[in-house]
Amino acid sequence: MSQVQTLDISPVGRVEGDLDVRVDIEDGVVTNAWTSAELFRGFEIILRDKDPQAGLVVTPRACGICGASHLTCAAWALDTAWGTEVPRNAIIARNLGQLAESLQSLPRHHYGLFMIDMCNKNYKNSPFYEEAVKRWAPFTGTNYEHGVTISGRPVEIYAMLGGQWPHSSFMVPGGVMCSPTLTDVTRSWGILEHFRTNWIESMWLGCSLERYEEIQTYDDFMAWLDEKPEHANSDLGMMWRMGCDIGLDKYGKGLDKFVSWGYLPHEEKYNKPTIGNRNQSIQMPSGVFDGATGTHKLMDQAKTREDVTHAWYDEGGGAKHPFDRTTQPISNNEHDFEKNYSWSTATVHEENGHLEAGPLARELIYGGDHMEDFQYKDGLVLDMYKKMGGANVLLRHFARMHEVKYIYRQIERCLRELRLDEPFYIKPKEQDGQGWGATEAIRGALCHWIEVEGGKIKNYQIIAPTTWNVGPRSAEEERGPIEEALIGTPIADPSDPVEVGHVARSYDSCLVCTVHAHDAKTGEELSRFKTS
Amino acid sequence: MANILWLQGGACSGNTMSFLNAEEPSACDLVTDFGMNILWQPSLGVELGDDVKNILTNCVSGETKLDIFVFEGSVVNAPNGTGEWNRFCGRPMKEWVRELCDAADFVVALGDCATWGGIPATAPNPSESQGLQFLKRENGGFLGGGFTSKAGLPVINIPGCPAHPDWVTQILVAIATGRAGDLALDEFQRPKTFFQSFTQTGCTRNMHFAYKVSTTEFGQRKGCLFYDLGCRGPMTHSPCNRILWNRVSSKTRAGMPCLGCTEPEFPFFDLAPGTVFKTQTVMGVPKDLPTGVDKKGYIKLTGAAKAAMPAWAEQDIFVV
C-alpha cells in the first residue's frame, strides 16, 4: 500500500502573478490537486463610485501582458451601456490593438515562460536535450534571446495607435483616440513583415506561412513534420518531437469542456453595439464545446455563474451571475483545502459547470459548425484532439502557437481595411445604463460588466480567463480546470516537480487578472444588477 | 557581476512586460553582456516552490550577496496590517520585503505601485497598499522615510505605470558598472536624468499648445490635448517625448492625453466623476496649470497666443 505524499508548491512561477498548488502524489502520479490564487488587490471596489470612464484607466492595470484585452472589454462595456455608434475605422483600430498584443504574447510566453522547462535536468536523457538547452535556456539560449527580443516588435503597432505598450487607454466609447496616418499603416506593414520573416517563418515554422496554412488535419501535420528537415528542426518541429519524447502528450487532459466569447467584431456589423447582437457581429465565433458529447453551442454571458463555496467568501445561496453577488470576504484567508482555499471564485456555466478557457478552447470551437457563415472556421486542432484521444499539455500549447496563423492574417486585413480619410470617433452621449464588453485575451475568455448610474460607476465586474481556469472546486465538488488537468500528472522528482509547471504554464495562467473585489472593511453589499 | 533579485507584490507585472521590450541593452543582453545574475524573477525565473524560498533565505542571511533588490507592485498590508492578502512562499510578502531591503546594497522600486502605492492604493485602498518609501506624495511608505540601503542610498524610485524599459535597464547598467554615485535623485527619489524634464518636452503638439489650439475631440489630426482633454503633459515629469515608447511613439503623439503616471498622485483625483479625459476648468481657466505658471500669467499667455495664432494652426497637421 503506497503512501500519499502531499506537496505544496508555493510559488509556481512563470505564470503572471501568484499561484500556489497543492498536489497529492501516489506511486509517482498526482491523484488530487488544489490551485490557490494568492493575491488580492480589489479592482472592482476601487472602481465603485468613480467616473464612468475610470475602467479605461484602471482595468488595463489588472494585467501587464493583457492590458489591451482589458481595455477592449472596458470600451465595449461602455459602448453597450451608453448606446453609442462606433465607426468602422475604430472597430478595426481596436481589433488591431488586440491582435498586436496577442502576437507579442506568442513568442514571449513560449520562450519566456513555457519552453524553459524543456531544459530541466529531468530530461537530460532525452535525445533532444542538448539542442533544447542550446536553444531555450533562459536568457542565454539562442532562440530564447531572439524570440523574447523580437516579441517587442508587434506592440510597436499598438504604440502607434495608443502611444505605448503596456498600458494605453486609447479605446474609448464612441471609437478610439487616435487618427493614424499613412505612415502609421506602412510602418505597421514593415513591422509585420519583419516579424514574419525573422521569426514566424525562419525560426518558428521553418517554412512559409502559406505552406503552414495548407495543414488541415493531424495527418497533414505529421506529413509536414517529415517533409523537410527544416520543418522537423524548426522550433515548432522540435517542440512537438521533444514534447512527445518526454510525454507531454500523455497528461494534462483537464475537464474536457471548453468556453470562448469569440472576438474581433466585424467593422460593419457592430457599429451599434449591444450585448444581445454581439454573437452575430464577431469574426471569431463564440462557443461552448463539450468533449464528452462532441457538441458545440454558442456562449451566452447570462449563463455565467460564480460559486464561492470553496473560496474565501461567506455568501449564502449558491452560484450567482457576477452582478447578483453580494460579496462578503472572509477576513481570515488561511488555506483549508476541505473548505476555503482561494481568492478565485469557481466560475462556471449554469448548465455545463466548470469550463476551460484559452487558445485550445478557441481552436476546438473554430472546428464546430454552430457559427455564422462569415465567421472563422478551422478544423485542425479538433482533428488533432480526436486523433490524440483528447486534450493534453502538448496539444494545449500547440493550439496557442497555431493561432499565429489567423492572428497574422487578421492584422493584414486590418491594415488593408482602414480608410484613413474616414472618422475614428463619434462623440457619445454619456448616460446611465448597463453594459457588457468581452474579448479573447491571448489567455482566453475575458469580459467586463458595468453599471453606470447617476454619472458614476455603480458596479463593475471582471471575469478573466484564469478565473475560469484556476477556480477552486464548485459546490458540486467538481474540480477547476487546472486542478483536473493535474490529475494523472507523473512526478519524477518531488523535489523538482517540473511536470506541475508544464501543466500550469500550458494554461498560461494569469493570476493578477483573476481575483475579485470585496469591501474588506465593511463587508458591504455591492449593488445588484439583474441581467435580462 | 551583480546579483539581482526581483519580486512582485500587489502588481500586474506591467513593468516586467515593459522591461522585456528593452533593446540596447535587451533583457538578455543585461545577463550575457553586463554580468547581471538574475537570481529569480516571478515571470522569468527557472525555479519553483521551495527552491525559490531557498534563494530568498540565502539573500536574507547574506549567504548570497544581494547587490540589487528590485520590487514591483505595492506592499500589501491587508487585512489589518498583517499582509496576509499577499502571501509568497508561505508568508506575507511584506515580511520578505522588509528583510530583503535590509540585506540589499541597492533597493529599486519599479513602477508606481512600488514607488507610490499606485492604482491599488487608489481610494478606498482595499488592499491597504503602500509604496516602498512613499504613499502617494507622503514620504514614509512601508520602509519609512529614514530608510537607506547598505550602499547608503534611499529607495531608488523608477515610477511610471508602467516604467519605460530604458528607465530600468539604464539604472541597472549604471549600478552594475559602478556609476551608482552618478545617480542624482530628485525630492521624490527619481533619477533626475530621466525625470527633470516634462512629458511636454518634445511633444509634437507644442506649437498647438503655444497658439492655444485645442484638440476638442478624440480622433482629430491637430491640436494640443491640454486645453480640453485633460492632458497632464505640462505638469508631469517624464522623458516620454524624449525617449520614445516602443521605439516609435508616445501617448501625446498618438492623440492620447498624458495621465501624469510618473507623479505620486496618479491616478489623479482618484478618478472621481467628471475628471477622466476632461480638463477641469474654473471660468475657462484650467484648475491645474502648467508647472510654475500662475493664473495671471496663464491668462496673459493664452491671450497673446490666440492673438498671434497663424491660420495654419487650425488646419489638420498630422495628415494622411
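Quick look at the values:
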item: B versus A: buried accessible surface, summed, Å² (probe 1.4 Å, to nearest 100); result: 6700
item: Cα long-axis angle, helix B:93-103 against chain B (0 to 90 degrees, to the nearest 10); result: 80
item: Dipole magnitude of segment B:105-261, debye to nearest 20 (Cβ charges: Lys/Arg +1, Asp/Glu -1, about Cα centre); result: 600
item: Förster radius 51 Å - calculated FRET efficiency between B:Ala308 and B:Ala184 (Cβ-Cβ, nearest 0.05); result: 0.85
item: Per-residue HN-Hα couplings for segment A:377-392 [Karplus 6.51, -1.76, 1.60; θ = phi - 60°; Hz; x = Gly/Pro]; result: 10, 7, x, 4, 5, 4, 5, 5, 4, 5, 5, 8, x, x, 6, 7
item: Net charge of Cβ neighbours under 13 Å - reference B:Ala307; Lys, Arg +1; Asp, Glu -1; result: +3
item: Formal net charge of residues neighbouring B:Glu263 (Cβ-Cβ distance under 13 Å; K, R +1; D, E -1); result: -1
item: Contact order relative to length of chain B, as percent, for alpha carbon pairs under 8 angstrom and 6 or more apart; result: 14
item: Accessible area per residue in Å² at 1.4 Å probe, computed on the protein assembly as shown; result: 31
item: Radius of gyration and Dmax over the Cα atoms of segment A:321-392, both given in Å; result: 18.1, 52
item: Pair-distance profile P(r), taking every C-alpha pair of segment A:102-189, with 10 angstrom steps and integer %; result: 17, 33, 23, 16, 9, 2
item: Candidate lysines - alpha carbon under 25 Å from B:Lys192, same-chain residues fewer than 8 apart omitted; result: B:Lys136, B:Lys150, B:Lys251
item: Cα-Cα over 31 Å, subset of A:Lys253/A:Lys377; A:Lys50/A:Lys405; A:Lys253/A:Lys458; A:Lys269/A:Lys303; A:Lys458/B:Lys296; result: A:Lys50/A:Lys405; A:Lys253/A:Lys458; A:Lys458/B:Lys296
item: Charge tally in the Cβ shell below 13 Å around A:Arg362, where Lys, Arg are +1 and Asp, Glu are -1, A:Arg362 excluded; result: -1
item: Per-pair calculated FRET efficiency, R0 = 45 Å: A:Ala223 and B:Val282 via Cβ, rounded to 0.05; result: 0.05
item: Cα centroid separation - segment B:61-121 against segment B:211-264, whole Å; result: 32
item: Residues whose placed amide H lies under 5 Å from that of A:Gly141, excluding near-sequence neighbours; result: none
item: Cβ-Cβ FRET estimate between A:Thr295 and A:Leu209, R0 fixed at 30 Å, reported to 0.05; result: 0.40
item: Orphan Cys of chain B, criterion: no other Cys C-beta under 4.7 Å; result: B:Cys12, B:Cys28, B:Cys59, B:Cys89, B:Cys101, B:Cys113, B:Cys203, B:Cys224, B:Cys231, B:Cys240, B:Cys258
item: Mean separation of Cα contacts under 8 Å, 6 or more apart, over the residue count of segment B:45-126: relative contact order %; result: 35
item: Considering only the protein assembly as shown, percent of DSSP beta bridges that pair antiparallel, nearest 5; result: 75
item: Relative contact order [Cα under 8 Å, 6+ residues apart], segment B:225-280, whole percent; result: 47
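The values are calculated or read from the model by the stated rules, or taken from the named source; none is laboratory data. Just so it is clear, the structure is predicted and the values come from calculations on it, not from any experiment. No Cβ is skipped: glycine too gets one built from the backbone with ideal geometry, and neighbour counts run over all protein chains shown. Just the protein is used for accessible areas: all its heavy atoms, side chains included, with ligands, DNA and RNA removed. Shrake-Rupley method; radii C 1.70, N 1.55, O 1.52, S 1.80 Å.
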